Every structure is written in C-alpha cells, then in structure tokens.
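One structure below.
The values are calculated or read from the model by the stated rules, or taken from the named source; none is laboratory data. It should be emphasised that the depicted structure is a prediction, and the values quoted were computed from it without experimental measurement. Note that we place each Cβ from the backbone using ideal geometry, even for glycine, and neighbour counts take in every protein chain shown.
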Amino acid sequence: MTANKSEADRVVIFDTTLRDGEQSPGATMTHEEKLDVAALLDEMGVDIIEAGFPIASDGDFAAVHEIAKRTKNAVVAGLARAGQKDIDRCGEAIKPAQRGRIHTFLSTSPVHMKWKLQKEPHEVLDMVVASVTRARNYTDDVEWSAEDGTRTEHDFLCRCVEAAIKAGATTINIPDTVGYTVPEEYFAMFQMLRERVPNADQARFSAHCHDDLGMAVANSLAGVRGGVRQIECTINGIGERAGNAALEEVVMAMQVRNDVLPFWTKVDSTMLTRASKLVSAVTSFPVQYNKAIVGRNAFAHESGIHQDGMLKNTQTYEIMTPETVGVKQTSLVMGKHSGRNAFKHKLEELGYHLAANQLEDAFVRFKTLADRKKHVYDEDIEALVDEEIATSEDRIKLVSLTVIAGTMGPQSATLTLDMDGRHQTVQSSGNGPVDAIFNAVKALMPHEAVLELYQVHAVTEGTDAQAEVSVRLSESGRSVTARGADPDTLVASAKAYLAALNKMVVRRQRGMQEAVMVGGRRIHSTDTV
C-alpha cells in the first residue's frame, strides 16, 4: 500500500454479488442469506452494495429495502432499466438507506439497439436522458451504464455519456457486458472518453467486466490505469455466464503490486476468505481449488522443490502472506510430490524426532502411501510413523498378502512373512477373510495366544481413508495390544496381528532374560535362592 494515500488514487469497490452474482444459474439466495452477505460486505469495507433488481420480484424488492435499512457504512444501490416503472420501484426500495443509489442502464451497441431494443440511436439517446432525469428525483447518486459498451461505436458512446452526465449521472459505467474486450482496448476506450467528452471530469468512471475470455480482472485493472475509479465485481467472481471480475483478485492485485498499480481501496483484505466461504455456502457454488486468493490451494504447496523453498523462506513461492487474506497459515500438503525436507518438517510439527534410518524408512513408506491416496492427512502420517517405530525391531514382518473373498467361500489368504531374515509363504482358508489371514499367520508362527479384541476404524475421511486396526492377544494370563494401519483394511489387520505377536516374542525374551545364573546353576526369578 502507498504510504500517503491520495483520494485521487482511491478505487471505489462496487459489489454486485447480490445482483449480478445471484443471476448465475442456480445461485439464488434466500432473503436471510442476502442479509448475511450484505452485512459482511458492509463490515469488510465495500463502498457500494448493489443489493438487487427491485422490479424483478417482490423478494428482490424486499431484500433491497431491508438491506437499505440495515446497512451502516456502504451506499446501497438498486438496478433499474430505463423504464419509469423500474426507476420508481428502485427509488422506493432504496428509500430507507442512509445513502442510496439508483443504477440505471440502457443498451448502446448496434447489435443490441437493433435486435434487443429495436430502436434508433436518437431514440436511445432520449431514453438515456429521461431515465437519468427521473432517477434524480429519488437520489442525487445516480449511476448510468451503457450496456454492451465495449461493442458500442465510439462517437455514439461519447454522445450518450455526455448526455447522461448533463442529466445528472454522477457515475458512468462502461461495462464489458459480454466479456469481449482486451486490456489494451479497454484502457484506450476510457482514455478516449475522458479526452473527448466535455463534461467527463464531472463523473466517476466505472468498469464492469465479465469473464467470458478469462480477462475480467485484467480488463478492470486496465480500466483503472485508464482513469476508472470504480470497479464493479463479485465475491468469488460469480455472475452471468463465466462470471464477473472477482473482488478478492482486484483488491489484492492493487495491494500486492502497488508498485505498478499505485491505487488503494477501503476493503479489509483479511476478511476476503471469510466472505468467499460465506458466498460459496449460501449459493452452493464451490470455489475451485486453484482459485486465486481464496482457493483451497492458493497457499498450499505439495511439490518437494516448492516445499523446500518455503521452509527456507516463504517469499520463494508466496507473493503475499496468507494472513493478509484471512487464511490462518500456509499449508504444506503432504503427497507424492513432497520431498524429505518437508516430510521431516511435518514430522517435527507432529512431535516426532526420528533417527536417520527410521526417517528414511518412514519416508519410503510415506511415498508408497501417497501413491495410493489422493490426500495424505496428518493422522495418516501419525499412524504410519507409529507403526514404523513399533515395527523397527520386529522379528516377523509382513512381505506380501493376497486375499480371496466374496460370497463364494471359503475365503483364503496367501501370506509371505519375513521371519528373522527368511521368507516363508503359506496359504490358509477361514470363515471370512480376516479369519483366513490370522490362520495363515498361525500356520507360519504357531502360538497359543487367544484373540481378545479386533477393532477397525478409519483414520481419516473418505473411501480411500487409511484403516487402523487394533488387536489384543492374550497368552498365559498376560495381554498385549497392537495397531496396524493401511488403506487396505485386510493388510492393516495382518499388520496389527503381527505387531501383537512381535510384542509377545519380545515379552518371552525378556522373561527368559530374567533368569539368572547363581553359582553356575540357572535360577528363575520365581525360584527360591
């Protein structure tokens, strides 16, 4: 942001989420939802809230009227066509506002005048004057828009703008209604208008760009460079067809690149993410993951190269801090592209400090897991590392497991174990796949332990979640409990069962070590010396 903010460099933010945004097919909001969105827009510093199109329906009128009553800081605007009924209805809707605006519009392009209005240019010019004049009966804050302005002949556009200002319009909007223009062209158009229209200095120029070619934000900012001091935009860029310029993007572009866009707004950028989530929730329009500023991945890094850079200095891959837009912190997303440094950092965050060999083994297993799962959560890593620590000294390790299950029993399991460095394989059947697995383990490692507990739960959400299995075995009145985790529930079951057996092996060894030699004779701790 500039140190000394000049009012001449301030860009007014006109939010049309509740009007143009709600015109997105499927984005209709309830009355209460509109009030909630309007309240947040007012709180975050939006200058003008276009609350709706009052003549469109009784619901739209009621929403504009109630928002006009409640809004404390922002100007509340209603949209009206050039007809008298539209303007009168709009004037009535905004009447309770501390500061109200009527936004009236009329098509000016040849294609619109011929096919939509079916009127001659001189008739359109008369309608511009009449509509602005009538709107001035209700408020001295009148905005006039040249619908399809970017496809309007320049000579006629200049005549319309001059007439609208002379009739009392204080804001002149030249919308790119169909998302047709490009930045250089939009910039030049505003320069042309400011140079050719005699009374251009008596009104504020506004940009309203649609995103049909993906240039709504770029065009809006080009307009600012050409003299525009109001940008019409929506939260998350919602709106007709491909949407409008996204409010969060134009605000942050000026804030981050103030060196080349030396302008400022009154919007509190730390509320952008909150506003994005609210609008997404009330419209049921999800925000694409890679959406600029407010997308889920906007401050997330999975690539090992990027994560390594971020750990060394956040400026290597982030041009703004997440806090400036209301995100708590950067997210190092753990996935198949993550590197060792990020994995080690994540483990330390989770409270694990592994030896070099344990870290390497855990990293290999993490990579294997990441290849099988789309999302690797902290809980997945904790389960993986807990198992790594538990099995690092195991004498018996799972090598491979194949299970045949289904309605046509009996179910069978083919199991290969590493037993003190030697691989042994067996095939067993059972009453269900888990029983078959445990029978296979028992065939390779005979024991008298009794299964007291077998419990399964998902570590994380989703159908690809890791399963965590808990097993409790009892032998000679003593019990051991162990866990195993894997996206495959049956593999997790085998791991848990083997982990419990390994604990029993360790316990037996400790019991044997409790025997001592006294005077050349082996004496057990239970003997009398």
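Numerical summary
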| item | result |
| --- | --- |
| One residue from ARG19, ARG10, ARG70 being basic (Lys, Arg) and buried (at least 18 other Cβ atoms within 10 Å of the Cβ) | ARG19 |
| Boolean, GLY226 is surrounded by fewer than 18 Cβ atoms within 10 Å (Cβ to Cβ) and out of contact with any Asp or Glu (no Cβ under 8 Å at 6 or more places or on another chain) | no |
| Among (1) more than 22 Å from ASP47 (Cβ to Cβ); (2) assigned by TED's automatic domain parsing to the domain that holds LEU35; (3) aliphatic (A, V, I, L, M) - the single one VAL256 does not satisfy | (1) |
| Where GLU240 falls short, out of the listed (1) under 21 Å from HIS103 (Cα atoms); (2) at pLDDT 95 or above | (2) |
| Counted residues, segment 255-278 - those being under 26 Å from GLY223 (Cα atoms) and either under 16 Å from the mean Cα position of the chain (by Cα) or outside any loop (DSSP other than H, G, I, E, B) (or both) | 10 |
| Every residue from segment 143-169 that is outside any helix (DSSP H, G or I) and in contact (Cβ under 8 Å) with a residue 40 or more places away in the chain | GLU143, TRP144, SER145, ALA146, GLU147, ASP148, THR152, GLU153 |
| Segment 292-318, subset of a type in the set (Ser, Thr, Tyr) and outside any loop (DSSP other than H, G, I, E, B), residue modelled with the highest pLDDT | THR316 |
| Unique residue being touching a residue at least 24 places away in the same chain (Cβ under 8 Å) and basic (Lys, Arg) when the list is ARG257, ARG194 | ARG194 |
| Residue that is farthest from VAL217 (Cα to Cα) [pool: residues in segment 9-41 that are aliphatic (A, V, I, L, M) and free of Cβ contacts under 8 Å to residues at least 40 places away in the same chain] | LEU35 |
| Scan of segment 23-57 for residues that are crowded, with 23+ Cβ neighbours inside 10 Å and more than 22 Å from LYS72 (Cβ to Cβ), ordered by number | PHE53 |
| Single condition GLU123 does not satisfy, out of (1) crowded, with 17+ Cβ neighbours inside 10 Å; (2) more than 18 Å from ASN199 (Cα to Cα) | (1) |
| Search result, residues across segment 204-227 that are more than 19 Å from PRO262 (Cα to Cα) and without any contact (Cβ under 8 Å) to a residue 40 or more places away in the chain | CYS209, HIS210, ASP211, ASP212, LEU213, GLY214, MET215 |
| Unmet criterion (only one of (1) touching a strand residue (DSSP E or B) at 6+ places or on another chain (Cβ under 6 Å); (2) closer than 27 Å to ASP380 by Cβ) for GLN427 | (2) |
| Single residue of segment 1-34 satisfying the filter (within 23 Å of the chain's Cα centre (by Cα) and assigned to a helix (DSSP H, G or I)) that is modelled with the lowest pLDDT | GLN23 |
| Some residue of segment 331-352 being over 26 Å from GLN466 (Cβ atoms), at pLDDT below 85 and surrounded by 15 or more Cβ atoms within 10 Å (Cβ to Cβ) | no |
| Matching entry among ASP176, ASP140 (being in the same structural domain as ALA203 (by TED's automatic domain parsing), in contact (Cβ under 8 Å) with a residue 24 or more places away in the chain, surrounded by 18 or more Cβ atoms within 10 Å (Cβ to Cβ) and within 23 Å of ASP15 (Cβ to Cβ)) | ASP176 |
| VAL129 being in contact (Cβ under 8 Å) with a residue 40 or more places away in the chain and under 23 Å from ILE165 (Cα atoms) | no |
| Count of residues meeting criterion [more than 17 Å from ARG274 (Cα to Cα) and out of contact with any Ser or Thr (no Cβ under 7 Å at 6 or more places or on another chain)] in segment 27-70 | 26 |
| Single condition GLU184 does not satisfy, out of (1) surrounded by fewer than 22 Cβ atoms within 10 Å (Cβ to Cβ); (2) part of a strand (DSSP E or B); (3) acidic (Asp, Glu) | (2) |
| Output for segment 228-254, where each listed residue is hydrophobic (A, V, I, L, M, F, W, C), in contact (Cβ under 8 Å) with a residue 40 or more places away in the chain and in a loop (DSSP other than H, G, I, E, B) | VAL228, ILE238, ALA242 |
| Test: residue in segment 470-484 that is outside any strand (DSSP E or B) and modelled with pLDDT of 50 or more | yes |
